[in-house]
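Quick notes on the structure that follows.
The values are calculated or read from the model by the stated rules, or taken from the named source; none is laboratory data. Note that the coordinates shown come from a computational prediction; the quantities given were computed from them, not determined experimentally. Here the Cβ positions follow ideal geometry from the backbone for every residue, glycine too, while neighbour counts run over all protein chains shown. For accessibility, only protein heavy atoms count, side chains too; no ligands or nucleic acids. Shrake-Rupley method; radii C 1.70, N 1.55, O 1.52, S 1.80 Å.
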Amino acid sequence: GLTNSKMTFEKDRIYMTNYQTPFGEMVVGVHTKTLNVDVQEDDINVGIVYSLDVDNVPLSDCEIKGNIHSL
């Protein structure tokens, strides 16, 4: 379904965000454990490991990996 939220990642920081759903709003904590950004001439690699909680109750451990490259 349709949801809206904003997640901020900063190593060793906890950011609280409001997570809007069709059923109401929840407070979600984003706990960034690792944040790696490797910038090369034609490539940028990003790796983020974080956990989420809802109302201070652990929800999940997550990982994002991304690569941006020029053509």
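Observations, loosely collected:
- The residues of the stretch 34-71 that are under 17 Å from Thr17 (Cα atoms) and open to solvent by 70 Å² or more (accessible area, probe 1.4 Å), listed by number, are Asp55, Asn56, Val57, Pro58, Leu59, Asp61.
- When the stretch 12-43 is filtered for residues that are over 27 Å from Ser70 (Cα atoms) and of a type in the set (D, E, K, R), the ones remaining, listed by number, are Asp12, Arg13, Glu25, Lys33.
- Applying the criterion of being under 17 Å from Asp61 (Cβ atoms) and among the β-branched types (Val, Ile, Thr) to the residues of the stretch 1-33, the residue that is surrounded by the most Cβ atoms within 10 Å (Cβ to Cβ) is Val30.
- The listed residue being touching a His at 6+ places or on another chain (Cβ under 9 Å) and not acidic (Asp, Glu), out of Tyr19, Tyr50: Tyr50
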